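Just so it is clear, none of the values below were taken in a lab; they were calculated from the coordinates. What you see is a predicted model; the values in this text were computed from it and never measured. Every residue, glycine among them, receives a Cβ derived from its backbone with ideal geometry; neighbour counts consider all protein chains shown.
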Amino acid sequence: MTLLEIRDLRVTFGRRRDPFVAVDGVSLDVGAEETVGLVGESGSGKTTVARCVAGLQRPDAGTVTFEGRPLERVGRRPAELQRAVQMVFQDPRSSLNPRMSIAAIIGEAWRTHPSTAPDGDRTAALHALLADVGMDADVADRRPGDLSGGQCQRVSIARALAVRPRLLVCDEAVSALDVSVQAQILRLLVDLRRTHHLAMLFISHDLGVVHQIADRVAVMRSGQIVEEGPATEVLAAPKHEYTRALLDAALDLDDAGPAVTA
Amino acid sequence: MSDVRTARTGGAPVAQHEALLQVDGLTVDLPGTRGDVRVVDGVSFDVPAGTTVGLIGESGSGKTMTANAIIGLLPDGARTGGRLLWRGEDLLHADGARRRKARGHEISMIFQDPLAALNPTQRIGRQVGEILRRDGVGRAEVRRRVVELLDRAGVPDPAERANRYPHEFSGGLRQRAMIALALAGSPSLLLADEPTTALDVTVQARILTLLQTIQQDEGLSVLLVSHDLRVVANVASEVVVMYAGRVAERGPAPVVLRRPAHPYTKALVRSVPAVRTKTALADPLPGAPATPANRPAGCPFHPRCPIARDRCRTEVPAVREVAPGRAAACHFAEEVLAP
Ligand SMILES: Nc1ncnc2c1ncn2[C@@H]1O[C@H](COP(=O)(O)OP(=O)(O)OP(=O)(O)O)[C@@H](O)[C@H]1O
Ligand SMILES: Nc1ncnc2c1ncn2[C@@H]1O[C@H](COP(=O)(O)OP(=O)(O)O)[C@@H](O)[C@H]1O
Ligand code: SF4
Ligand SMILES: [Mg+2]
Ligand SMILES: [Mg+2]
């Protein structure tokens, strides 16, 4: 079943007379529990699409719906839809309030969406949530500044999970992390997808990572989707010339580990 | 961009080259809130003439501090030890004038964030020509050379672009301007600290190709600092892997990255997914990278190492030869290397 439906999305910036078209008629679906990768060179419009889905950017035209209900701008979204779609950004540190403890950061998410707040023991619920993202209970009292980049990214994911979302929009969520930490976060996302029945719109410059975790891939260029299909087809046997150019530019490490047959 | 890939094995074996730079037992101590922290702890490696050496390792492992020590850009209060032999002459202990001459003319550096490294209030051309002007080159000649340098760094329409300011350049163009600036003093060694980390893959590939072309045309040596194994695998002939301020392993890049001798390198290599085939998710290493401030006793990697034994908890492994041309700091490197 289709969870997220993006139809003919158009976003322009700048002057009304001579607008810059950042997103130019994008249509894309994400099914329940499906992971869709969105790739394309810098400036192709990926983040702008993500921001429309998260309600942080108003499109000039087109619609975004969630189970058939329109996803409006954040302020106008019914609380239930607002919590259903959560975003994880590239820079985990700057997306967390440096003055708040981790417990307070999660507490704030529960305050914003009271229906998701635990009924009983909040501390126990907090610790369970931290355990879900592979962190010890003792980080609850620490602040983002005391945590590594990977730990901060786990906190961002925990904050998103706290309100029980159905769709995670990850914009370069692992790009700023070292490979070993990146592997931990990817494993976490893949596990959570199963345990929490999450769908994901996963934006990344790293075609290898996208190949690893996406079911389907859409390739963007200058605001348009030029190719879309199962990850193993788009990234192993691209049809569009631009996808081929993108793959040609991507470096590979020869002996990168066990290849699996999809 | 296949030239990036085919050039990976470029450069003859180390033994046939004279070492341009020998980093020998380099230490860097930085003042911390709880006393000095040794962020670079006895790092040794050679940069042979005319080759690209990759320096890899996780964030905080000391890559930047190593490069900054070489170029002499350490933070205030930093103390250094060991030797930096530049064509046999120890730069760490040379007098100030000699050091300044070496750093800028013979050795230059490009940074991850060119916007932070470039002066926002000065036209690009003026910045690129700075070192030439200081050397007393005449105005018209500076102008001519600046345009030539920008052109060589692949800046389109260089004469016009020389009059622009850094913020008017895209990320890729800024990095090219930075490269032009670094080449102005005709260096023999270029230190490149994460030169493509902020760029997307297509721009990255172009910049790497440019660096390789320049390296080959001018017989330049490059020390390429990166946390991106793919970049290093594709452009470096030698690689040095750092962990918690120390060398974990070093040797010929294609060999080390295909068949690591250190469990840490092995874990890194396994974490890099292939692009054109679907790679199974790697088993992540447990825990977080060790930092120089809380470096575990014995082998600094032991809390995360899948094959650690008792000995690893107490005895620091020395960097030792584990195969011809290869060195690793692991008590059990032979076991890791065994097929
Ligand atoms: N608020 C804004 N005002 C003006 N232009 C904008 C704004 N936000 C984005 N743009 C422009 O829209 C285009 C698409 O931007 P977007 O951030 O969606 O790209 P992206 O694909 O996410 O790129 P990257 O891979 O670098 O993150 C770019 O040309 C960008 O400069
Ligand atoms: N200006 C500074 N003052 C104090 N400590 C620093 C400074 N810069 C870096 N460090 C510390 O030195 C160590 C090595 O840092 P760095 O060389 O930047 O690592 P890398 O480049 O490998 O990510 C880290 O523990 C880092 O926190
Ligand atoms: S010395 Fe021991 S702990 Fe260190 S890398 Fe080798 S096996 Fe692992
Ligand atoms: Mg973006
Ligand atoms: Mg660095």
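Shape of chain B from the C-alpha gyration tensor: prolate (a/c of 1.5 or more and a/b above b/c, with a ≥ b ≥ c the square roots of its eigenvalues).
The angle between the Cα long axis of helix B:124-134 and the main principal axis of chain B comes to about 90°, on a 0 to 90 degree scale. Looking only at region B:93-124, which residues have a backbone nitrogen under 12 Å from a spot 7 Å from the Cα of B:Thr197 in the C-beta direction? What the label zone holds, given the 12 Å backbone N cut-off, is B:111-114.
Is there a simple number for the mean count of other chain Cβ atoms within 10 Å of the Cβ of residues in B:284-296, and what is it?
Details: counts 12, 5, 3, 2, 9, 5, 0, 1, 0, 0, 0, 0, 0.
That works out to 3 on average.
For B:Asp36 and A:Ser115, the FRET efficiency from 1/(1 + (r/R0)^6), where r spans their Cβ atoms and R0 equals 51 Å, is about 0.45.
Modelled label positions at B:Ala280 and A:Ala137, each set 7 Å beyond Cα in the direction of Cβ, lie 3.5 nm from each other.
Take every DSSP beta bridge whose two residues both sit in the protein assembly as shown; close to 60 percent of them are antiparallel.
What is the fewest-to-most order of B:Tyr264, B:Tyr165, A:Tyr242 by other Cβ atoms lying within 10 Å of their Cβ? Kindly include the intermediate steps, with their values, before the conclusion.
Details: B:Tyr264 29, B:Tyr165 15, A:Tyr242 18.
Ranked by crowding around the Cβ, least crowded first: B:Tyr165, A:Tyr242, B:Tyr264.
The modelled label-to-label distance for the pair B:Asp157/B:Thr213, using points 7 Å beyond Cα in the direction of Cβ, is 2.0 nm.
At most 12 other Cβ atoms within 10 Å and a DSSP loop assignment: could you name the trypsin sites (Lys or Arg not before Pro) in region A:91-197 that fit?
Passing sites in region A:91-197 are A:Arg99.
Within the straight-line cut-off of under 22 Å between alpha carbons, the lysines reachable from B:Lys63 are B:Lys266, sequence neighbours fewer than 8 places apart in one chain being disregarded.
Computed from the C-beta positions of A:Glu108 and B:His93 and an R0 of 60 Å, the FRET efficiency is 0.65 to the nearest 0.05. For chain B, the longest principal axis of the alpha carbon atoms and the long axis of helix B:139-152 meet at an angle near 40°.
Partner shielding of A:171-180 amounts to 5, given as the average count of beta-carbon atoms from other chains within 10 Å of each residue beta-carbon. Using only the Cα atoms of region B:88-230, build the gyration tensor, take square roots of its eigenvalues as a ≥ b ≥ c, and label the shape rounded, prolate or oblate: rounded if a/c is under 1.5, else prolate if a/b is larger than b/c, else oblate. Taking the square roots of the gyration eigenvalues as a ≥ b ≥ c, region B:88-230 is oblate.
Here is how the number arises for chain B: DSSP H runs of 4 or more residues each give -39500 (n - 2.57), the sum is divided by the residue count, and the result at 222 nm is -9000 deg cm²/dmol. About the centre of its Cα atoms, the protein assembly as shown shows a dipole size close to 1140 debye [charges on the beta carbon of Lys, Arg (+1) and Asp, Glu (-1) only; nearest 20 debye].
Checking the a/c ratio against 1.5 first, then a/b against b/c, what shape does the Cα gyration tensor give for chain A?
Working: a/c = 1.79, a/b = 1.28, b/c = 1.41.
Oblate is the answer for chain A, as a/c is 1.5 or above yet b/c matches or exceeds a/b.
Ordered by the count of other Cβ atoms within 10 Å of each Cβ, fewest first, B:Asp151, A:Asp252 give B:Asp151, A:Asp252. In chain B, the DSSP beta bridges split such that about 65 percent are antiparallel, to the nearest 5. Between the Cα long axis of helix A:149-162 and the first principal axis of chain A there is an angle of about 80°, rounded to the nearest 10. Note on A:227-237: average number of Cβ atoms from other chains within 10 Å of each residue's Cβ is 1.
Ignoring lysines fewer than eight residues from A:Lys239 along the same chain, the ones with Cα atoms less than 25 angstrom from its Cα are A:Lys46, B:Lys278. The ranking of A:Val23, A:Val85 from fewest to most other beta carbons within 10 Å of each one's beta carbon is A:Val85, A:Val23.
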